[in-house]
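Encoded as structure tokens, the structure appears first; notes follow it.
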Amino acid sequence: MKQFIKKITASKALVYLLYLFARGYLLTVTIKIKNEKTWQDQIKKGDPILICMFHQQFFFIVRFFRKYLIHNPCIMISRSRDGDIGTMAAKFSGCAVARGSSSKGGKKAMTEMIEYLASKKGFCINLVDGPQGPIGVVKPGSIRIAQKAGAGIVPAYFISNHIWQVNSWDGFVIPKPFSRVTLKFGEMITMDSIQSEQEFESMRLKVETIMAPYLFRKN
């Protein structure tokens, strides 16, 4: 698999063809969206918003990016080889990218995300349990970004009973052709004044608990 990914990332043209295929494929999927107005209204008011999603649901974002380009999204993606593919896909979609993760370049990428939100250029997206898991565990970086930028966290989930799951650490999800998928935005979680490490951990656990029911569990 690593050699396969290496060959793909060596050719930007090949990644672009895969991106076009993914977009075409996702056009066969019917997506119903719930509760998008609330966070978009907040952005229009100038409030910073951090959309939080699970790493396993990145494939859906190829279509998700296009709909919300008007709000100038920026996403954090790791500096790994599969992150190279994700980065090119995001940029093909018109999305800004901050490269880094907990294992490499994370501090710089977090600073970029915080500054992006503070500048009110647009909203940000963070894959909360990436790039290496454990699956479903919200990393502290998501909370730190929202805290420093004064942003509200909006969890987002894709829901479907008709999917395939890749045998990877995150149980990467691919919807079956002509399936129905719901994109649900949760209620915004505001960052209360965090005065201690205990309060910080409580907030992290709160976000993790809210998101947990929407994780596609590996079979």
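Read-outs: derived from the displayed coordinates by stated rules, not from any lab. These numbers were taken from a predicted model, which means no experiment stands behind them. Quick reminder, even Gly has a Cβ in these numbers, built from the backbone with ideal geometry, and neighbours come from all protein chains shown.
For the reader, a short list of remarks on this structure follows.
- Loop sites here are trypsin sites (Lys or Arg not before Pro) outside DSSP states H, G, I, E and B with no more than 15 other Cβ atoms within 10 Å. The longest part of the chain free of them is 122-216.
- Label point at residue 206 placed 7 Å out along Cα→Cβ; residues across region 125-162 whose backbone nitrogen lies under 17 Å: 138-156
- The chain: calculated mean residue ellipticity at 222 nm from DSSP helix runs of at least 4, using -39500 (n - 2.57): -12500 deg cm²/dmol
- Between the beta carbons of residue 121 and residue 79, assuming R0 = 25 Å, the FRET efficiency works out to 0.65 to the nearest 0.05.
- Here the chain carries DSSP beta bridges of which approximately 30% are antiparallel, counting only pairs with both residues inside.
- Exposed loop positions in the chain were taken to be GluC sites (Glu not before Pro) whose DSSP state is not H, G, I, E or B and which have at most 16 other beta-carbon atoms within 10 angstrom. Between these positions, the longest stretch is 37-186.
- In sequence order, calculated HN-Hα J values of region 51-57 (Karplus, 6.51, -1.76, 1.60; Hz; x Gly/Pro): 7, 10, 9, 7, 4, 5, 9
- Shape descriptor for region 2-213: Rg over Rh equals 0.94 (Cα atoms; Rh from the Kirkwood inverse mean 1/r).
- Cross-link partners of residue 44 among lysines (Cα-Cα below 27 Å; sequence separation of 8 or more within a chain): 32, 34, 67, 91, 120, 121, 148, 184, 206
- Of 154, 135, 16, farthest towards positive along the dipole that unit charges on Lys, Arg, Asp, Glu beta carbons give the chain: 16
- Rounded to the nearest 20 debye, the dipole magnitude of region 44-129 is 220 debye, with +1 charges on Lys and Arg beta carbons, -1 on Asp and Glu beta carbons, and the Cα centre as origin.
- Degrees separating the helix 81-92 axis from the principal Cα axis of the chain, which is the longest one: 90 degrees
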